[in-house]
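Report on the structure given below.
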Amino acid sequence: MDFQTPSSAPIIDFTNENLISGTSIWLSTSNEVKNALENHGYFLVNYDKISSEVISAIYLAFQEFYDLPAEIKSQFTSDKPALGYFDRGPQLEVTAIGDATSKEIVEGFTNLMWSSEKKYYVCEAIHSYSKQVAELQQMILRMVFESYGLEKYYESHKESTVYIYRVNKYKAVPVNESNLGIVPHTDLTFITIIHQNQINGLEIKSKDGIWIPVDIPPNSFVVIAGDALMAWSNGRIQSRTHRVIISAEVPRYSIGMFAYKNGIVQAPNELVDEKHVLLYKPFDNFDLFSLAYKQRLLWVEDKLKFLCGI
Ligand SMILES: O=C(O)CCC(=O)C(=O)O
Ligand SMILES: [Fe+2]
């Protein structure tokens, strides 16, 4: 385990072929994951299951997509909240595809935007990326459940997980303009996994309130604890506020995979006792997402306390 700086979170290695539930390497990695989440609320992972061809294909495809005229990009819409293409001001454009572990859902985007053979290629890249990152998400959450002795709940949790795939484009900033790409917020997820096109900009607020710029090395991803994991763990793991500051002269692209639960999130009885009184009322993850979206609370900090705090 390496440390970026004394105050920042560890880089945890997920490249070992023997990282299989029950092995000693699995147990020691689980410990690192639990400690990192409890102490920092985020960590970096080394993960080599996604080829550089797949990653370059995705960034190239989205460069091409974001260069299209606004009226074409805006054709990608959804009746679900926060899915589709959005121009979010002078610095940011986002495209949220939905659960990209489903090929049909990815095709809904790629068939609309590309007519040539290329649509198959782009669809394959997004779908394969999503499946691999979803697997990483599953390993991490299995480790968390096991570390609390709650593995009996993991399989049903896994079955009800939905992975939302989103690509953000932060435009290069002209001198003298605000460089805030995304305002400080927590995600309503269990965990979020971020990849970037080698342009830094993500900052995470430490427990002491200090903004820590996150240097994301190639082949690495950032894992951030979200509000649903905070509620499930009854506050043992706290969601981390993060923001994006852009200082680059070239655009920054990031890919987010957001793991939500399709159903009710609540702390298991085993995590509630006199020392750990219940902190949050049970909530439906997507209902709360829709409510936060309608009330313009998605992009704020501390929303869970406000919406479901006891
Ligand atoms: O672009 C990033 O690094 C973070 C994006 C983010 O926080 C989000 O999409 O919720
Ligand atoms: Fe976020």
For this session: Six or more apart or on different chains, Cβ under 6 Å: which pairs go from a residue in region 55-71 that's touching a residue at least 24 places away in the same chain (Cβ under 8 Å) and under 14 Å from Gln198 (Cβ atoms) to one that's outside any helix (DSSP H, G or I) and not hydroxyl-bearing (Ser, Thr, Tyr)? Could you list them?
Result: Tyr59/Asn197
Exercise. Taking the stated definitions as given, is Thr186 surrounded by fewer than 24 Cβ atoms within 10 Å (Cβ to Cβ), touching a Lys or Arg at 6+ places or on another chain (Cβ under 9 Å), farther than 21 Å from Ser52 by Cβ and not small (Gly, Ala, Ser)?
Worked result: no
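Yes or no, residue by residue, for (1) touching a residue at least 24 places away in the same chain (Cβ under 8 Å); (2) within 16 Å of ligand 1 (Cβ to nearest atom); (3) on the phi > 0 side of the Ramachandran plot:
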{"position": "Lys119", "(1), (2), (3)": "no, no, no"}
{"position": "Tyr129", "(1), (2), (3)": "yes, yes, no"}
{"position": "Gln132", "(1), (2), (3)": "yes, no, no"}
{"position": "Gln138", "(1), (2), (3)": "no, no, no"}
{"position": "Tyr148", "(1), (2), (3)": "yes, no, no"}
{"position": "Val167", "(1), (2), (3)": "yes, yes, no"}
For this session: List the strands (runs of 3 or more DSSP E) that sit entirely inside region 169-241 and contain at least 2 residues that are small (Gly, Ala, Ser).
Result: 220-225
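Conditions (1) open to solvent by 40 Å² or more (accessible area, probe 1.4 Å); (2) under 20 Å from Leu271 (Cβ atoms); (3) more than 13 Å from the chain's Cα centre (by Cα); (4) modelled with pLDDT of 95 or more, marked per residue:
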residue	(1), (2), (3), (4)
Cys123	no, no, yes, yes
Leu136	no, no, no, yes
Glu155	yes, yes, yes, yes
Ile164	no, no, no, yes
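For (1) at pLDDT 95 or above; (2) out of contact with any Phe, Trp or Tyr (no Cβ under 8 Å at 6 or more places or on another chain); (3) within 14 Å of ligand 2 (Cβ to nearest atom), each residue gets a yes or a no:
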{"residue": "Asn219", "(1), (2), (3)": "no, no, no"}
{"residue": "Ile224", "(1), (2), (3)": "yes, no, yes"}
{"residue": "Asp227", "(1), (2), (3)": "yes, yes, yes"}
{"residue": "Ala231", "(1), (2), (3)": "yes, no, no"}
{"residue": "Gln238", "(1), (2), (3)": "yes, yes, no"}
{"residue": "Thr241", "(1), (2), (3)": "yes, yes, yes"}
{"residue": "Val244", "(1), (2), (3)": "yes, no, yes"}
{"residue": "Glu249", "(1), (2), (3)": "no, yes, no"}
{"residue": "Ile255", "(1), (2), (3)": "yes, no, yes"}
Exercise. What are the residues in region 80-117 that are among the small types (Gly, Ala, Ser) and either on the phi > 0 side of the Ramachandran plot or in a helix (DSSP H, G or I) (or both), if any?
Worked result: Ala82, Gly84, Gly89, Gly98, Gly108
Problem set entry | Filter result for Ala36 (among the small types (Gly, Ala, Ser), in contact with a helix residue (DSSP H, G or I) (Cβ under 8 Å, 6 or more places away or on another chain) and in contact (Cβ under 8 Å) with a residue 24 or more places away in the chain) | no
Problem set entry | Exclusive hit being away from ligand 2 (no atom under 15 Å from the Cβ), of a type outside the set (A, V, I, L, M) and more than 22 Å from Met143 (Cβ to Cβ), set Lys303, Lys261, Lys281, Lys207 | Lys281
For this session: May I ask you to verify whether Ile210 is modelled with pLDDT under 95 and either open to solvent by less than 10 Å² (accessible area, probe 1.4 Å) or aliphatic (A, V, I, L, M) (or both)?
Result: yes
Exercise. For Thr101, are the conditions met, namely being within 16 Å of ligand 1 (Cβ to nearest atom), under 21 Å from the mean Cα position of the chain (by Cα) and of a type in the set (Val, Ile, Thr)?
Worked result: no
Problem set entry | Scan of region 245-263 for residues that are under 27 Å from His127 (Cα atoms) and in a strand (DSSP E or B), ordered by number | Arg252, Tyr253, Ser254, Ile255, Gly256, Met257, Phe258, Ala259, Tyr260, Lys261
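The values are calculated or read from the model by the stated rules, or taken from the named source; none is laboratory data. These numbers come from a predicted model, not from an experiment. For neighbour counting, all protein chains shown are included, and Cβ atoms are generated from backbone atoms with ideal geometry for every residue, glycine included. Please note that ligands, DNA and RNA were not included when accessible areas were found on the heavy atoms of the full protein model with its side chains. Shrake-Rupley method; radii C 1.70, N 1.55, O 1.52, S 1.80 Å.
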